[in-house]
Amino acid sequence: MAKRTTKQQIEERIRRLEAHLAKENPVLLEIVRTFRQLDRIAYRLGFLDRDESYALHVSWWPLISVLGTFSAGKSSFINYYLGKKVQSTGNQAVDDKFTVICYGGDDSPKVLPGLALDADPRFPFYEISEEIETVAAGEGRKIDSYLQLKTCRSDPLKGKIFIDSPGFDADDQRTSTLRITSHIINLSDLVLVMFDARHPEPKAMQDTLEYLVSATMNRPDSTKFLYTLNQIDTCAREDNPEEVFAAWQRALTQKGLIAGRFYSIYNPQVAAPFPDESVRTRFEAKRAVDMTEIAARIQQLEIDRAYRIVGVLEKTGKTLENDLLPQLREAKRDWRRRVLKADSLIFGSVAVVLFGLSLWLGYWQGFQFNPPWLSLIENDPIRLGLALAAVFIVVGYVHFSIRGISVRSVIKKLKKTIKPADRQEALIKAFRKNTGFFHSVLSTKPAGWGRRGRKRLERVFLATASHVQRLNDMFTDPSGEGGRLQQQSHKREQDQKQKVVRLPPS
């Protein structure tokens, strides 16, 4: 299993990322630096550990995942799109692992074990074994049974990462598989959800409908899901093949998916024979239109990726400001109420008992407290100091025990009420920091948050808006001149850099 990263490893990963982005896209390089500004705010507040970075919680490469039922033609689609036989295909569950496919220099695909992904911070599965271990004890050590890395020399793959998945009904390690699937969905820029046209009935695709339709259609990034009925060529001999597509759409509608674009495709290289020429022409025309749209969405990811990352940056800052900080304040108020209430109850009860005991023992002479042992300590500074120290220690022990019990009670409540898991984890870390030994129970202000913190967060939001404007300048040109000139200037700069690199040594 991979070891937990250190602060030095985080810095080295970010330096490598910055070096790559400096060549590829300077705007993305500036976004990394803004992420680091947000990191510093989160460090002070306690939402982020020093060996973490928000910049490494996002995939910086366009990521396309292909999910769905087993034998739905996922691997066949990837092979056809890449123009290479990278994945094995067949009617059985030929690949029972998540396969990450990236560009490689060799003509023949290379297969690497899951450890290559789990231990390499450049890929979106870095230290995924630790996450698997949290949901399925002992499974984290079996990372090679869940993941594999394949390289392929294919131009459509340059600058992108494809992920092929096992079907839901083809894997016995269900909990871990669903955890990895959720991880993939969160990172992906585009999710192709594929169904088998040979089995379009709801029962045959129950798991896919549940986990890739019902559970995802209300996400804020739901537009990245493309629902596709694959291997539609197998229906060509049906009396009414359109009814197969309609039945599939009805199954999606029953799960609540009533809007969006639905595709029907097949791989012409392995297509079933068509009954006549007119049917073949009709199916080919439909497939061509849908494949063109899917390919266009994949190509669009080069642009979408940059805006997605800026969106993640802004969303992370807004979540910190509008969700985490108010929830931290409320958690501290809850903790404060619990501690003060328990202190009042315990120390008040003790005071009442001691007062009653002193009356019973006759220590009061009118309004004057005069026990027989008082003279022994008031004329002896050492005894008086020891007595006061003993009282202070007992009171402090009781008070900090109450604080600790109250911390655990509030954390238990947070685990029940705060979702999702990553936000819950960040909030609990910050809450623990804010209830440490040196933090007063009377303060509800988050530690590390003040006028300076607000100004830093405002600068992050201003930088985010600036990044969007710079991206717009790259991709839009309302005047018809400025954007083109900027792109030409950028191209000349890149060409000049390449010429400088190619100059022979003097």
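The values are calculated or read from the model by the stated rules, or taken from the named source; none is laboratory data. Since the structure is predicted, the reported quantities are computational estimates derived from the model, not experimental observations. With ideal geometry, Cβ positions are generated from the backbone for all residues, glycine too; neighbour counts draw on all protein chains shown. Side chains are part of the model used for accessible areas, which takes the heavy atoms of the whole protein and leaves out ligands, DNA and RNA. Shrake-Rupley method; radii C 1.70, N 1.55, O 1.52, S 1.80 Å.
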Query raised in the report: When the stretch 1-13 is examined, which residues are found to be among the polar types (S, T, N, Q), part of a helix (DSSP H, G or I) and touching a residue at least 60 places away in the same chain (Cβ under 8 Å)?
Result: GLN9
Query raised in the report: Among the numbered criteria (1) out of contact with any Phe, Trp or Tyr (no Cβ under 9 Å at 6 or more places or on another chain); (2) of a type in the set (Gly, Ala, Ser); (3) over 30 Å from ALA430 (Cβ atoms), which single criterion is violated by SER358?
Result: (1)
Requested in this report: Determine, yes or no, whether SER88 is free of Cβ contacts under 8 Å to residues at least 40 places away in the same chain, small (Gly, Ala, Ser) and closer than 27 Å to LEU192 by Cα.
Outcome: yes
Query raised in the report: Could you list, in sequence order, the residues of the stretch 246-285 that are aromatic (Phe, Trp, Tyr), surrounded by 17 or more Cβ atoms within 10 Å (Cβ to Cβ) and under 30 Å from ALA215 (Cβ atoms)?
Result: TRP248, TYR263, TYR266
Requested in this report: Run down VAL66, VAL58 and say which single residue is closer than 25 Å to ILE185 by Cα and open to solvent by less than 10 Å² (accessible area, probe 1.4 Å).
Outcome: VAL66
Query raised in the report: So how many residues does the stretch 202-261 have that are at pLDDT 75 or above, among the small types (Gly, Ala, Ser) and over 18 Å from VAL66 (Cα atoms)?
Result: 5
Requested in this report: Scan the stretch 19-43 and report the pairs whose first residue is within 18 Å of LYS7 (Cβ to Cβ) and of a type in the set (Gly, Ala, Ser) and whose second residue is open to solvent by less than 30 Å² (accessible area, probe 1.4 Å) and not in a helix (DSSP H, G or I), with Cβ atoms within less than 9 Å and a gap of 6+ or a chain change.
Outcome: ALA42/LEU48
Query raised in the report: Within the stretch 244-263, is even one residue part of a loop (DSSP other than H, G, I, E, B) and of a type in the set (D, E, K, R)?
Result: yes
Query raised in the report: What pairs come up if the first residue lies in the stretch 350-379 and is among the β-branched types (Val, Ile, Thr), the second is open to solvent by 100 Å² or more (accessible area, probe 1.4 Å), and their beta carbons are under 7 Å apart, counting only those six or more places apart or on different chains?
Result: ILE377/ARG383
Report summary line: The condition from (1) at pLDDT 70 or above; (2) crowded, with 16+ Cβ neighbours inside 10 Å that GLU133 misses is numbered (1)
Query raised in the report: Is there a residue being among the acidic types (Asp, Glu) and under 17 Å from ILE303 (Cβ atoms) anywhere in the stretch 455-463?
Result: no
**Report entry** Residues (farther than 24 Å from GLU425 by Cα and β-branched (Val, Ile, Thr)) located in the stretch 13-49
**Finding:** VAL27, ILE31
Requested in this report: Mind listing whichever residues of the stretch 324-349 are open to solvent by 60 Å² or more (accessible area, probe 1.4 Å) and free of Cβ contacts under 8 Å to residues at least 24 places away in the same chain?
Outcome: GLU330, ARG337, LYS341, SER344, LEU345
Query raised in the report: Assuming GLN148 fulfils every condition listed in (1) modelled with pLDDT of 65 or more; (2) open to solvent by 10 Å² or more (accessible area, probe 1.4 Å); (3) within 27 Å of ILE298 (Cβ to Cβ); (4) assigned to a loop (DSSP other than H, G, I, E, B) apart from one, which condition is it?
Result: (4)
Query - Residues of the stretch 223-240 that turn out to be free of Cβ contacts under 8 Å to residues at least 40 places away in the same chain, open to solvent by less than 40 Å² (accessible area, probe 1.4 Å) and over 16 Å from ALA251 (Cα atoms), as a count - result: 3
